[in-house]
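I have placed the structure first, in the form of C-alpha cells, so that the comments after it can refer back to it.
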Amino acid sequence: MEFFELLKRRRSVRKYKSEKIPAEVLEKIYEAIRWSPSAGNLQAYEVFLVEDRQRLSQLARAAFGQDFIAEAAVALVFCADPDQAASRYGARGRNLYALQDATIACTFAHLAAAALGLGSVWIGAFDDAAVWQAIGSPKGLKPVAILPLGYPAENPPPTPRRHWKEFVHPVE
C-alpha cells in the first residue's frame, strides 16, 4: 500500500475478531519498531507483548474500563526508559527524549499494523501502577502507550481533520 494512502486509511479500531495474529505478522511489527528513529539511536524504550487473556483484562481495567483491550488478540505496552536516555542527554533525555522514543516506536507499530491489515488504537489513558502490575514491568520504566492489536471487526469512518494550512505557520 502506498504510504500516503495508508495514512488516510488508518483508523482507531476498538472491535476485534477472535482470530490470532500469526507470529510472522507480529515480527513485521517488531521490525517496524526496531527501525523507528530515536534520540542518539539509544532506543530508550521497552515493549511488552501481552497475549494472556487475564493480563489483557488487567490492562483494560488499568485503562479505566476500556474493555475492548481485552478483546484484542494482543496488546503492546510501550514504556520509556528514562535512565537510558539520561545516560547521554541528562535531564532532557530523561524528561523528553525517552518519552519521544517510546511514542515514535508506538507510532511505527500503529502504522505497520494498519499496513498489515490489523486494527489498533492508541491508548494513553491509564493508571501507570496498574499497567506495571499487569505487565510485571521492572522499576525505572514509564508506561507511555498501550496498543491493542487484532483483525478488525469494524470499519470506522474517517474523522474530521483540520486542513494543514490551519496548523502550519511559516516563519519569516
Cα-Cα separations in the range 1-88 greater than 21 Å, expressed as whole percent: 47 percent
If packing is taken as the average count of other Cβ atoms within 10 Å, what order do 142-149, 2-9, 162-169 fall into, highest mean first? 142-149, 2-9, 162-169
Using the Karplus equation 6.51 cos²θ - 1.76 cosθ + 1.60 (θ = phi - 60°), what ³J(HN,Hα) coupling, rounded to whole Hz, does each residue of the range 80-85 give in order, writing x for Gly and Pro? 6, 10, x, 5, 4, 5
Kindly report the accessible area of the range 8-149 per residue (heavy atoms of protein chains, probe 1.4 Å, no ligands, DNA or RNA), in Å². 49 Å²
For Lys139, counting only aspartates and glutamates whose alpha-carbon sits under 20 Å away and dropping same-chain residues fewer than eight positions off, the answer is Glu46, Asp81, Asp83, Asp101, Asp127, Asp128
To the nearest 20 debye, what is the magnitude of the charge dipole of the chain about its Cα centre, counting +1 on the Cβ of each Lys and Arg and -1 on the Cβ of each Asp and Glu? 320 debye
For a quick check: with amide H placed at 1.01 Å from N, whose amide H comes under 5 Å from Leu42's, ignoring anything fewer than 5 positions away on the same chain? none
What net charge do the residues around Ile69 carry, taking every other residue with its C-beta under 12 Å from that of Ile69, with Lys and Arg at +1 and Asp and Glu at -1? +3
For the range 57-152 the translational diffusion coefficient, Stokes-Einstein from a Kirkwood Rh over Cα pairs at 10 °C and viscosity 1.306 mPa s, in µm²/s, is roughly 115 µm²/s
Determine which lysines satisfy two conditions relative to Lys8: a Cα distance under 30 Å, and not lying fewer than 8 residues away in the same chain. Lys17, Lys20, Lys28, Lys165
In the chain the DSSP beta bridges are antiparallel at a rate, in percent to nearest 5, of 95 percent
Given labels modelled 7 Å from the Cα in the Cβ direction, how far is it in nm from Arg88 to His163? 4.1 nm
I need the phi-derived Karplus couplings for the range 147-156: 6.51 cos²θ - 1.76 cosθ + 1.60, θ = phi - 60°, integer Hz, Gly and Pro marked x. 10, x, 10, x, 6, x, 10, 8, 9, x
J(HN,Hα) series, the range 22-30, from Karplus relation 6.51 cos²θ - 1.76 cosθ + 1.60, nearest Hz, glycine and proline x: x, 4, 5, 6, 4, 5, 5, 5, 4
Can you pull the percent of the chain's accessible area that's carbon plus sulfur, 1.4 Å probe, other chains left in place? 53 percent
Could you run the Debye sum over the Cα atoms of the range 123-172, one equal point scatterer each and no solvent, and tell me log10 of I(q)/I(0) at q = 0.22 Å⁻¹, two decimals? -0.87
Pairs of alpha-carbon atoms within less than 8 angstrom and 6+ residues apart define the contacts here; what relative contact order does the range 55-172 have, in percent? 34 percent
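The values are calculated or read from the model by the stated rules, or taken from the named source; none is laboratory data. Note that this is a predicted model, so its numbers are computed, not measured. In this analysis, Cβ positions are derived from the backbone assuming ideal geometry, glycine residues included, and neighbour counts consider all displayed protein chains. In case anyone asks, the SASA skips ligands and DNA or RNA and just uses the protein heavy atoms, side chains included. Shrake-Rupley method; radii C 1.70, N 1.55, O 1.52, S 1.80 Å.
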